[in-house]
1. Which listed residue (Val18, Ala86, Pro241) has the Cα farthest towards the positive end of the charge dipole for the chain, taking +1 on Lys and Arg C-beta and -1 on Asp and Glu C-beta about the Cα centre?
2. Where is the GNM fluctuation largest for the chain (alpha-carbon springs, 10 angstrom cutoff): Leu215, Leu63, Leu231?
3. Give the residue from Ala75, Ala256, Leu155 lying farthest towards the positive end of the charge dipole for the chain; charges sit on Cβ (+1 for Lys and Arg, -1 for Asp and Glu) and the dipole is referred to the Cα centre.
4. Cross-link candidates for Lys106: which aspartates and glutamates have Cα within less than 19 Å, leaving aside residues fewer than 8 places away along the same chain?
5. Using the Kirkwood formula over every pair of different C-alpha atoms, what hydrodynamic radius in Å results for the chain?
6. Over the Cα atoms, compute the radius of gyration (one decimal) and Dmax (the largest Cα-Cα distance, rounded to a whole number) for the range 31-102, in Å.
7. Tilt of helix 52-70 relative to the longest C-alpha principal axis of the chain, in degrees (0 to 90, nearest 10)?
8. Within the range 1-79, list the trypsin sites (Lys or Arg not before Pro) lying in a DSSP loop whose Cβ has at most 14 other Cβ atoms in a 10 Å radius.
Amino acid sequence: MQSDNHAEAPVLFFDSGVGGLSILAPARELLPRMPVIYAADRAGYPYGTKSEAEIAARVPALLGRLVERYRPRIAVIACNTASTIALAAVRAALDIPVVGTVPAIKPAALSSKTRVIGVLGTEATVRQPYVDRLAAEHGADCTILRHGSAALVALAEAKLRGQPLDPEVARTALLGLIEQPDGERMDSVVLACTHFPLVQQELEQAARTLGTRPLAFLHGGEGIARRIAYLNGDLPWPETPAPGIAVFTGSDPDIAELRSALKSYGLTQINAL
Ligand code: DGL
């Protein structure tokens, strides 16, 4: 699908699995004629339990292959784990604009009344110096609690496959924040993993069950959509975009279960890398 016609060049979204769909959705809403390649590194999933060295070795090389194959105009790393570890390396490796996804601590700090903010991400993301920097820069007067949950990532994958969901998973993830000192005063939860907006309803239900104070759940999807529009500048979009393509690394035995979810995001073709 190499294209020399720039109007046809797609935007590439990249994640370890289905999480990046939470970034794709607001981007499609803002830019309905945007051609889309959605790449999921199933062979490398999950990222959140991997080491920094593994992510740093894997992500720039994989994005390089994807860019060579699909010639996108912009690449979006729709994954907090990959962005907080490898964004600079990916930018250095590619000659197109790269948009990263980083925890929405800034908007949370702007709106939190109690000044206690939870950051719910993968285990790898919540320990990143990148998150320390965001916290120091934007939330210096806030208590910033962090918790990593691999089970919540798996819950989102299961939800998009239409599999039965265990409500205990969302409850345990929220408790991971609430049970920390000052946790009961938390009024904002940053969804610092792109899988988590896909299970926001389950998190809201868990908050009701636990009887927490009202929680605002924040993530960066809409800001990223605006960033894509800005970086695209005046380059035209096709009148009618080509059908969206989902690309998976490795072999996914339950890919058939994902077809209808992918279709609802405009991804009607499935390719292997
Ligand atoms: N969706 C990814 C993120 O935003 C990673 C999930 C995983 O593979 O552990 O961090």
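1. It is Pro241.
2. In this elastic network of the chain, the residue with the biggest mean-square fluctuation among Leu215, Leu63, Leu231 is Leu231.
3. Ala75
4. List returned: Asp132, Glu137, Asp141, Asp187, Glu222.
5. 18.8 Å
6. 11.9, 37
7. Compared with the principal axis, the helix lies near 30 degrees.
8. Details: sites: Arg28, Arg33, Arg42, Lys50, Arg58, Arg65, Arg69, Arg73; in loops: Arg33, Arg42, Lys50, Arg73.
Answer in residue order: Arg33.
Just so you know, all these numbers are worked out from the coordinates, no wet-lab data involved. None of the values given here were measured: they were computed from a predicted structure. Glycine also receives a Cβ, built like all others from the backbone with ideal geometry; neighbour counts cover every protein chain displayed.
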